[in-house]
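Beneath this line is the structure, given in structure tokens, with notes to follow.
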Amino acid sequence: MHVLDHSYIDGRFVKTLGEELMDIVSPSTESVIGRLRLAGQDDVLRAIEAAARAQPGFSRSSKQERIALLRRLEDAVRTHVPAIREATVDEYGAPPQRATWASEYAAACFAHAAQTLDAYPLLRSMGAAKVSMEPVGVSALITPWNSVAGSICSKLAYAIAAGCAVVIKPSELGATQAFAVAQAIHAAELPPGIVNMVIGRGNPVGATLSTHADIAKISFTGSTPTGKAIAHAAIDSMKRVSLALTGKSPSIILDDADLSRAVPMAIQAGLQNSGQACVAGTRILVPASRLDEVIALTRQAIAGIEVGDPRDPQTTIGPMISAAQFARVQQYIRIGVEEGAVLIAGGEGRPEGIDRGYFVRPTVFAGVRNDMTIAQEEIFGPVLGIIPYRNDAEAIEIANDSPYGLQAYVFSSNHERAREVASRLHAGGIKINTLKHEPLAPFGGYKASGLGREGGVFGLESFLEAKAIVAE
């Protein structure tokens with residue numbers, strides 16, 4: 001059993017000073033696979049001090065110097081892909097295909113940021129003014145447990161591109177994965193203090209980062225309630241805040257769609273990352289005239305999904321992250337039944353033949369109304385609801401009838417029609433007949449799904465301030 005009792009501060013792994021110990025539990029077996037010493041107040045203060053010392057020098061670095069650092073980080077993380085992948089399987093229970101994609105994406109983030117920075121004008125003329133884009137300052141990167149390596153590296157890449165020293169606070173539920181990323185960062189041999197990492201709870205680590213005067217910017221990915229708390233805490237010192245928050249994404253299948261292709265893709269969109277994804281298309285909107293066809297194809301698609309051991313190449317859905325998350329998903333399934341939705345696949349309990357681990361049966365409800373709890377609240381598990389509609393206008397109305405607006409999916413055989421529907425949806429990102437991820441496009445949401453954007457030019461600018469100088 002391994003013990004994680006170090007933080008990464010000022011270019012070195014140092015003993016964590018916090019006193020609380022936490023078991024690291026495999027979600028696949030429910031067995032303890034390690035222990036984590038949680039960072040405390042003294043640890044996060046040391047990390048902030050190191051970043052604050054590094055910031056003045058780093059802020060004066062050139063574009064080419066930052067690109068060189070990004071290339072070193074890319075190479076180092078790519079070398080550590082096997083270790084990151086193994087940690088993702090062991091600690092998170094990700095199936096092999098997902099774990100491999102996630103670890104390779106983490107390395108690619110630095111290449112995308114380097115490409116963006118290389119083409120970006122840090123100095124430009126605007127009328128009589130010279131406008132320089134300068135680093136916002138020391139930045140806190142607070143990342144979730146459902147995409148540990150990818151979230152750390154995507155945020156870090158654009159902070160480095162902008163010239164910002166950082167303090168990273170990963171979720172304590174992703175400590176093994178975060179530590180593997182920290183080892184890769186250390187191997188890149190960046191100047192001390194530019195990157196620091198402390199793994200601890202929201203209080204005191206996240207709370208300190210949200211209020212400390214030396215933190216200029218917070219980039220947070222997680223739930224909307226936590227994002228609101230961070231924004232409230234940050235306002236006193238006027239920190240810049242980027243929030244990527246909760247989603248309840250619709251997948252709209254138009255009546256001209258090829259259902260044999262659209263339904264499996266919609267199911268895949270809803271069950272991606274074992275359903276533990278903010279962008280999961282968990283509301284499947286279908287034309288009432290084709291409801292029976294969709295239900296039949298849905299049952300067929302769910303029957304072909306393998307749930308179980310993440311080391312089995314046939315597995316497509318792994319366990320929930322924890323006992324608490326397993327219980328949360330089970331509760332939502334019960335609520336769906338109590339509110340009158342009709343189970344067409346799955347239901348409560350573990351899949352047949354599995355007696356341990358936090359595995360959930362892939363569950364689909366029909367007869368769902370958009371005002372039901374399971375249609376309005378993010379479940380964060382493999383639970384989908386099929387909602388019928390009569391025409392395009394009603395589909396758009398239902399899709400937009402949500403406090404959230406992170407992502408949406410549209411399936412149609414008519415590309416022009418699909419684009420027209422997409423143009424009327426209140427969502428930060430929309431995919432038409434595809435699940436492809438475009439890393440250079442802005443990522444973020446409307447309404448309660450967040451503030452600001454990550455990725456590409458928008459991600460870079462979120463770590464920059466504009467300074468306008470007008471002279472005679």
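Taking P(r) over Cα pairs in 10 Å bins from 0, in percent as the quantity of interest, determine which of (1) 4, 18, 26, 23, 16, 9, 3, 1, 0; (2) 4, 20, 29, 25, 15, 5, 1, 0; (3) 4, 16, 20, 18, 16, 14, 9, 3, 1, 0 was computed from the displayed structure. Given (1) 4, 18, 26, 23, 16, 9, 3, 1, 0; (2) 4, 20, 29, 25, 15, 5, 1, 0; (3) 4, 16, 20, 18, 16, 14, 9, 3, 1, 0, the calculated one carries the label (2). Legend note: in the chain, cysteines whose Cβ sits 4.7 Å or more from every other cysteine Cβ are CYS164, CYS278. Over all other residues within a Cβ to Cβ distance under 15 Å of LYS431, the charged ones net out to +3, with Lys and Arg as +1 and Asp and Glu as -1. Dipole orientation for the range 225-293: of the candidates ILE267, LEU245, THR226, THR226 has the Cα lying most toward the positive pole (charges on Cβ; Lys, Arg +1; Asp, Glu -1).
Applying 1/(1 + (r/R0)^6) with R0 = 60 Å to the Cβ-Cβ distance of ILE354 and GLU472 gives a FRET efficiency near 0.20.
Spin-label model, ARG299 to GLU86: label points 7 Å out along the Cα-to-beta-carbon direction sit 4.5 nm apart. Taking each residue as 0.36 nm, the span from GLN97 to ALA231 lengthens on full extension beyond its C-alpha to C-alpha distance by 44.7 nm. Counting only Cβ charges, +1 for Lys and Arg and -1 for Asp and Glu, the dipole size of the range 246-322 around its Cα centre is about 240 debye.
Between LYS130 and GLU397, the C-beta separation translates, for a Förster distance of 41 Å, into a calculated FRET efficiency of about 0.30.
Considering the options VAL89, ALA114, ILE48, tell which one lies farthest towards the positive end of the dipole of the range 1-143, charges being +1 on Lys and Arg and -1 on Asp and Glu at the Cβ, about the Cα centre. Value computed over the given set: ALA114.
Once you reduce the range 434-464 and the range 255-311 to the center of their Cα atoms, the two points are 25 Å from each other.
Taking a ≥ b ≥ c as the square roots of the Cα gyration tensor eigenvalues, with a/c under 1.5 meaning rounded and otherwise prolate when a/b beats b/c, else oblate, which class fits the range 254-330? It comes out prolate by the Cα gyration axes.
Relative to the current alpha-carbon distance between ALA187 and ARG424, full extension at 0.36 nm per residue lengthens the span by 80.7 nm. Using Cβ point charges alone (K and R +1, D and E -1), the dipole size of the chain about the Cα centre works out to roughly 880 debye.
Taking the fewest neighbouring Cβ atoms within 10 Å as the starting point, the ordered list for TYR8, TYR158 is TYR8, TYR158.
Charge tally for GLY137 (other residues, Cβ to Cβ under 12 Å; Lys, Arg +1; Asp, Glu -1): 0. Extension gain, ASP255-THR434: 0.36 nm per intervening residue step, less the Cα-Cα distance, totals 62.7 nm. Dividing the helix sum by the residues of the chain, where each DSSP H run of 4 or more adds -39500 (n - 2.57), gives a mean residue ellipticity at 222 nm of -12000 deg cm²/dmol. Residues whose amide H falls under 5 Å from that of ALA408, counting only those 5 or more places apart or on a different chain, are GLY429, ILE430, LYS431, with hydrogens built in the peptide plane. The calculated Kirkwood hydrodynamic radius for the range 250-441 is 16.7 Å, given to one decimal from all distinct C-alpha pairs.
None of the figures in this text is laboratory data; all of them are computed from the coordinates on show. Bear in mind that the values here come from a model prediction, so they are computed numbers and not experimental data. Don't worry about glycine lacking a Cβ; one is built from the backbone with ideal geometry, like all the others, and counts go over all protein chains shown.
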